[in-house]
Every structure is written in structure tokens, then in C-alpha cells.
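Where a number appears in this text, it was derived from the coordinates with a stated rule and is not lab data. In this text, all values refer to a predicted model and were calculated from it rather than measured experimentally. No Cβ is skipped: glycine too gets one built from the backbone with ideal geometry, and neighbour counts run over all protein chains shown.
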Amino acid sequence: MDSPDPEEPAVVTVTVVRTGGFAGIRRQWTAEPAEPERPRWIALIRQCPWDEAGDAAEAPEPDRFTWRIEAQLGGDDRRAELAETRLNGPWRDLVAQVQAFDPGR
């Protein structure tokens, strides 16, 4: 029987919260991938520039969304809050995957 990879976290969870916009409606999506899918999700999470996002606090723009992204890789918790205009590249890819995993509430 194969033992789990010690480098792979036992828990992988990503939550995306979108607030603001014209109507100010809050939406939330969560992905908790099963073990076979975790390596792909871990790669998506690690591609995001988490350290740079912490310095990116911007004043909300009227009628624009703000995105809060939280990822848990085992005991490693990461958080970022991005203005809609900064949701691109790896951030956009991660959010799109979470939205596809969980069609939303």
C-alpha cells in the first residue's frame, strides 16, 4: 500500500469570496479536492504571488469587485485580498478552478 507523500498536505482547501460590484452582492466558492486531485491544486496555489498580494491593499473602486482568496495547505494558511483589476494570471486561474469546483451559493 502506498503511503502519502510527506511533501503533500493532508488538507487542501481554497475559499474565494467576491464582494462589491454594482449590487454589492457577496458570493462565495470553496474547493476541497480529493487526494488524487491535490497535486494539481497545490501547484495552482503555489503559483500565486501571495507575498506580493499582501502589499497590494487598494481602496475599493465603485462598482468593482474585491476578491478575498484563502488557501489552506495542511498547516500553511495563506490569504490575499485583491481588487478586481489585479485578479489576473495565476490568481485568475485559481479563482476559475474554485468556481468550477463549486458552482457557488
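Quick rundown of the values:
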{"item": "Residues Asp77 and Arg26, FRET efficiency given R0 of 25 Å [Cβ-Cβ distance, rounded to 0.05]", "result": "0.75"}
{"item": "Estimated FRET transfer efficiency when R0 is 22 angstrom, pair Asp63-Val17 (beta carbons, to 0.05)", "result": "0.80"}
